[in-house]
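One structure is given here, and the rest of the page talks about it.
The values are calculated or read from the model by the stated rules, or taken from the named source; none is laboratory data. What you are looking at is a predicted structure, and each value in this text was computed from that prediction instead of being measured. Cβ atoms come from the backbone with ideal geometry, glycine included; neighbour counts cover every protein chain shown.
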Amino acid sequence: MITVFGASGNTGGAAAAHLLKKGRKVRVVGRRPEKLAALVKAGAESAVGDLEDARFARAALTGAEAAYVLIPPNLATEDFRAYQKRVVAALASGIEAAGVRHVVLLSSIGAHHSSGTGPIVAVHDFEERLKEIGGLNALFLRAGFFMENTLMGLGSIKAQGIYGGPMPAEAAVQMIASADIGAYAGGRLERLDFSGKSVVHLLGPKAVSQTELVGILGQAVGKPIHYAQVSLDDVEKGMIQGGMRPAVVSVFVEMYRAAGQGLVAPEEGRPVELAPTTFETFAKNVFAPAYGK
Ligand SMILES: NC(=O)c1ccc[n+]([C@@H]2O[C@H](COP(=O)([O-])OP(=O)(O)OC[C@H]3O[C@@H](n4cnc5c(N)ncnc54)[C@H](OP(=O)(O)O)[C@@H]3O)[C@@H](O)[C@H]2O)c1
């Protein structure tokens, strides 16, 4: 049996669907049972609870030969770093106590740095914690920026035809569709073809500049979209005006700053694999429907 955390989310959903399609026994985990219903209908068992609760995390892992683990985003939390630490502690101790042998951890490019990269520091710490577990085979799946991050721009695109971000217009990013990450993780968990502690970077098929990005999104939604580079101060103000807590905002601003310094990138000398979904396909199949097109 394979436990999939975050199974009603972007990556966990795709991982669970892949494993079920291949006939594997799957336990899907989330807090809201209604969001897991389709996977249960497709044959999964479910475990419903909060993975900040170490006892629940352990129970969800008990009897699993393998697991897909991640630190789910939680923008509503009071203290983002403390929340991330609780999740890492609960999942790592659960993996250890339940004796799970194979784990795919959703990590991030830039996770080789121990500080200065905002939320990515927590996946660095998670990797380090899993390295301490003897006999565990762990694959650190360091994904690039998700294409889904562009969905945060829906409001300003609708209102003003503007997509804003801290990167220069010419900055090209090899974004990845989150469904590709889940399918890749599902494939590795199906085959259990990793041993010891290993790293793989997973990126989208092609780097897309911010200018190209707005062109592709504009084509998909049928209206011109302009890119506006925004200073980090304005990004910070915008997030706070949008209702996010300062302690959460500062962590993300640190990541944007690190990205600008080139720190949020694959670690040299480690393998990089490319996922199939192009930004054009994402724009047509995910962004345009979310826009209401
Ligand atoms: N965005 C990027 O560019 C990027 C790049 C690299 C890595 N990452 C990593 O990817 C993660 C997001 O992955 P994703 O897109 O697959 O997530 P997602 O779509 O936001 O899904 C989160 C999942 O976790 C569950 N969940 C949330 N809080 C929970 C809790 N306290 N206890 C139990 N389950 C909980 C959710 O279900 P319920 O709501 O029902 O609980 C849902 O199934 C980030 O947090 C980051 O670590 C992101």
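Of the residues in the range 91-103, how many are part of a helix (DSSP H, G or I) and surrounded by fewer than 22 Cβ atoms within 10 Å (Cβ to Cβ)? Write out each step before concluding.
Of all residues in the range 91-103, those part of a helix (DSSP H, G or I) come to 91-98.
If we keep only those that are surrounded by fewer than 22 Cβ atoms within 10 Å (Cβ to Cβ) as well, we get 93, 96-98.
Going through the range 91-103 one residue at a time, the tally reaches 4.
As an exercise: evaluate residue 239 against (1) crowded, with 18+ Cβ neighbours inside 10 Å; (2) more than 21 Å from residue 75 (Cβ to Cβ); (3) without any contact (Cβ under 8 Å) to a residue 60 or more places away in the chain and give the number of the one condition it does not meet.
(2)
Among 55, 27, which is over 26 Å from residue 175 (Cβ atoms), free of Cβ contacts under 8 Å to residues at least 24 places away in the same chain and within 15 Å of the ligand (Cβ to nearest atom)?
Details: 27 fails: free of Cβ contacts under 8 Å to residues at least 24 places away in the same chain.
Within the list 55, 27, the selection yields 55.
Would you confirm, using the coordinates I've provided, whether residue 49 is farther than 18 Å from residue 129 by Cα, near the ligand (Cβ under 8 Å from one of its atoms), small (Gly, Ala, Ser) and crowded, with 24+ Cβ neighbours inside 10 Å?
Working: farther than 18 Å from residue 129 by Cα: yes; near the ligand (Cβ under 8 Å from one of its atoms): yes; small (Gly, Ala, Ser): yes; crowded, with 24+ Cβ neighbours inside 10 Å: no.
Taking the combined requirement at face value, the residue does not satisfy it.
Would you confirm whether any residue within the range 110-120 is within 16 Å of residue 60 (Cβ to Cβ) and within 12 Å of the ligand (Cβ to nearest atom)?
Narrowing the range 110-120 to residues within 16 Å of residue 60 (Cβ to Cβ): none.
Within the range 110-120, not a single residue is within 16 Å of residue 60 (Cβ to Cβ) and within 12 Å of the ligand (Cβ to nearest atom).
Look through 17, 60 and report the one residue that is crowded, with 19+ Cβ neighbours inside 10 Å, touching a residue at least 60 places away in the same chain (Cβ under 8 Å) and either away from the ligand (no atom under 13 Å from the Cβ) or more than 15 Å from the chain's Cα centre (by Cα) (or both).
Exactly one of 17, 60 is crowded, with 19+ Cβ neighbours inside 10 Å, touching a residue at least 60 places away in the same chain (Cβ under 8 Å) and either away from the ligand (no atom under 13 Å from the Cβ) or more than 15 Å from the chain's Cα centre (by Cα) (or both), namely 17.
Just to be sure before I move on: is residue 77 assigned to a loop (DSSP other than H, G, I, E, B), within 13 Å of the ligand (Cβ to nearest atom) and under 18 Å from the mean Cα position of the chain (by Cα) in the structure I sent? Steps first, please.
Numbers: assigned to a loop (DSSP other than H, G, I, E, B): yes; within 13 Å of the ligand (Cβ to nearest atom): yes; under 18 Å from the mean Cα position of the chain (by Cα): yes.
Yes.
Restricting to the range 185-208, name every residue that is in contact with a strand residue (DSSP E or B) (Cβ under 6 Å, 6 or more places away or on another chain) and in a helix (DSSP H, G or I).
185, 188, 189
What are the pairs with Cβ atoms under 6 angstrom where one residue, in the range 138-159, is at pLDDT 95 or above and the other, located anywhere, is among the charged types (D, E, K, R) and within 13 Å of the ligand (Cβ to nearest atom)? Sequence gap at least six, or different chains.
140/127
Taking the range 5-14 as the search range and keeping residues that are in a loop (DSSP other than H, G, I, E, B) and under 14 Å from residue 41 (Cα atoms), which one is nearest to the ligand (Cβ to nearest atom)? Working first, answer last.
Here is the first cut: in the range 5-14, the residues in a loop (DSSP other than H, G, I, E, B) are 5-9.
Checking which are under 14 Å from residue 41 (Cα atoms) leaves us with 7-8.
Numbers: 7: 6, 8: 4 Å.
Residue satisfying both the conditions and the ranking: 8.
For the range 21-43, name all the residues that are under 22 Å from the mean Cα position of the chain (by Cα) and either assigned to a loop (DSSP other than H, G, I, E, B) or of a type in the set (S, T, N, Q) (or both).
Across the range 21-43, the qualifying residues are 31, 32.
Confirm whether residue 178 is away from the ligand (no atom under 15 Å from the Cβ) and closer than 23 Å to residue 264 by Cβ.
Numbers: away from the ligand (no atom under 15 Å from the Cβ): no; closer than 23 Å to residue 264 by Cβ: yes.
In short, no.
Surrounded by fewer than 16 Cβ atoms within 10 Å (Cβ to Cβ) and within 27 Å of residue 269 (Cβ to Cβ): which single residue out of 43, 116 fits that description?
Values: 43 fails: within 27 Å of residue 269 (Cβ to Cβ).
Criteria check complete, one pass: 116.
Just to be sure, is residue 183 in contact with a helix residue (DSSP H, G or I) (Cβ under 6 Å, 6 or more places away or on another chain) and either free of Cβ contacts under 8 Å to residues at least 60 places away in the same chain or under 30 Å from residue 96 (Cβ atoms) (or both)? Show your work before the answer.
Values: in contact with a helix residue (DSSP H, G or I) (Cβ under 6 Å, 6 or more places away or on another chain): yes; either free of Cβ contacts under 8 Å to residues at least 60 places away in the same chain or under 30 Å from residue 96 (Cβ atoms) (or both): yes.
So residue 183 passes the test.
All but one of (1) of a type in the set (A, V, I, L, M, F, W, C); (2) over 19 Å from residue 115 (Cβ atoms); (3) at pLDDT below 95 hold for residue 248, so report the exception by its number.
Residue 248 satisfies all of (1) of a type in the set (A, V, I, L, M, F, W, C); (2) over 19 Å from residue 115 (Cβ atoms); (3) at pLDDT below 95 except (2).
Quick check on this structure: which one of 259, 220, 179, 265 is out of contact with any strand residue (DSSP E or B) (no Cβ under 7 Å at 6 or more places or on another chain), in a loop (DSSP other than H, G, I, E, B) and of a type in the set (Gly, Ala, Ser)?
Working: 259 fails: in a loop (DSSP other than H, G, I, E, B); 220 fails: in a loop (DSSP other than H, G, I, E, B); 179 fails: in a loop (DSSP other than H, G, I, E, B).
Within the list 259, 220, 179, 265, the selection yields 265.
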